[in-house]
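The values are calculated or read from the model by the stated rules, or taken from the named source; none is laboratory data. What you are looking at is a predicted structure, and each value in this text was computed from that prediction instead of being measured. All Cβ positions, glycine included, derive from the backbone under ideal geometry; neighbour counts span all protein chains shown. Areas reflect the complete protein model, heavy atoms only, side chains present, ligands, DNA and RNA absent. Shrake-Rupley method; radii C 1.70, N 1.55, O 1.52, S 1.80 Å.
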Amino acid sequence: MKFELTILGSSSALPTSGRNLTAHVLNVYERLFLIDCGEGTQIQLRRNKIKFGKINHIFISHLHGDHFYGLFGLISSFNLLDRKKDLHIYAHKPLKKGIDFIRKNFEGSLNYTIHFHPVNPDEQELIFEDKRVKVYSFPLKHKIPASGFLFAEKPRLPNIKKSYVEKYNISVKNIRQIKNGGDYTKPDGRIIPHTEITEPPYRQRSYAFCSDTAYNEEILPVINNVDLLYHEATFQEEHKEEADKTLHSTAGQAAEIARKSQARKLIVGHFSARYKNIDHLINEAKEIFRETIPAEDGMVYEIKPYRIKRSHSSG
């Protein structure tokens, strides 16, 4: 039931001695999703003991080099590692030319197939779905087309209490019916209500990735009540004029988005390389949204499952 984020890079534009360029890995039930792929991502994957072969889906937010230059080396390394599984890349359409160039000019041929999925930067859309998770893209506000990504866990069915299964020797067929909302009828005709025989399901978990972007309240309906929000915080408030000019955000603006979207936790990152110490940025964000933590290369944040509380009726 893992839903876990690993930060591989937290710097913007330029890597520093302590911070690599943007890349995240989201682990959903051991399905690994790579989000952005700045230069140096391969090294960070190895440092964090993340298996290359488990990465089958890569999402690129926009086509500034610090967010995708690591992709071409990763494609090559996959081949050298004798990858056979298909690779799916979700990005804005112009990137396909670069991927096609790599394919055509690769020494020999790729051992695996790359599927390119164009992302529309102008509207929200469902771009991936499997039995565990849905992934949506949505427009951000930047100097070039940019997209955020929302990873939303699918609803889980309630669990039947083990003691009831053992007590009444409930069949597999009946278990399926109960999980889907049915009651259980005993051989003597007495009905045991669904709510008595089951534990409430776990709440759906979610993660939203918002980088790079200026302050933009249009994303609020998309990320409303998200469990974990990553939002760029390139600048301190004293450099807001530069943030406005480059269509980036300050730490305070990131926190304001978290507050207004009622996020449960905020991770700020994509820090300008000018800041040797980010304490001021974190303090600015915490003044607005207390549940703020800084992105650090190698940090792992788990969104733990928790059950939905059932309301008790008097009847």
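The listed residues are ILE75, ILE144, and the only one of them that is touching a helix residue (DSSP H, G or I) at 6+ places or on another chain (Cβ under 7 Å) and at pLDDT 95 or above turns out to be ILE75.
Of all residues in region 186-201, none satisfies being in contact with a Phe, Trp or Tyr (Cβ under 8 Å, 6 or more places away or on another chain), surrounded by 15 or more Cβ atoms within 10 Å (Cβ to Cβ) and in contact (Cβ under 8 Å) with a residue 60 or more places away in the chain. Within region 285-296, residues that are more than 11 Å from ARG259 (Cβ to Cβ) reach partners that are modelled with pLDDT of 95 or more and of a type in the set (Gly, Ala, Ser) with beta carbons closer than 6 Å, at six or more positions or on different chains, in the pairs ALA295/SER10; ALA295/GLY269.
Could you say whether any residue in region 251-265 is in contact (Cβ under 8 Å) with a residue 40 or more places away in the chain and at positive phi? Scanning region 251-265 turns up no residue that is in contact (Cβ under 8 Å) with a residue 40 or more places away in the chain and at positive phi.
For the residues GLU166, GLU153, the requirement of being acidic (Asp, Glu) and under 27 Å from ILE303 (Cα atoms) singles out GLU153.
Which residue pairs have Cβ atoms under 9 Å apart, sit 6 or more places apart or on different chains, and have a first residue in region 78-98 that is over 22 Å from GLU125 (Cβ atoms) and free of Cβ contacts under 8 Å to residues at least 40 places away in the same chain and a second that is in a helix (DSSP H, G or I) and small (Gly, Ala, Ser)? Correct list of pairs: PHE78/GLY53; LEU81/GLY53; ARG83/GLY53; ARG83/SER77; LYS85/GLY53. Taking the criterion of being of a type in the set (Ser, Thr, Tyr) and open to solvent by 50 Å² or more (accessible area, probe 1.4 Å), the only residue of region 141-170 that qualifies is SER163. The residue pairs whose first member lies in region 166-179 and is under 18 Å from ARG156 (Cα atoms), whose second member is open to solvent by 50 Å² or more (accessible area, probe 1.4 Å) and at pLDDT 75 or above, and whose beta carbons are closer than 9 Å, counting only pairs six or more residues apart or on different chains, are ASN174/THR185; GLN177/ASP183. Filtered by the rule that a residue be more than 27 Å from ALA263 (Cβ to Cβ) and assigned to a loop (DSSP other than H, G, I, E, B), region 124-170 gives LYS161, ASN169, ILE170.
Per the conditions (1) farther than 30 Å from SER171 by Cβ; (2) under 19 Å from the mean Cα position of the chain (by Cα), the sole criterion not satisfied by GLN204 is (1).
Is it the case that VAL119 is modelled with pLDDT of 95 or more, closer than 30 Å to TYR306 by Cα and of a type in the set (A, V, I, L, M)?
no
Filtering region 242-250 for residues that are aliphatic (A, V, I, L, M), out of contact with any helix residue (DSSP H, G or I) (no Cβ under 9 Å at 6 or more places or on another chain) and open to solvent by 10 Å² or more (accessible area, probe 1.4 Å) leaves a non-empty set. Evaluated against (1) open to solvent by 80 Å² or more (accessible area, probe 1.4 Å); (2) charged (D, E, K, R); (3) within 22 Å of LEU5 (Cα to Cα), ASP130 falls short on exactly one condition, (1).
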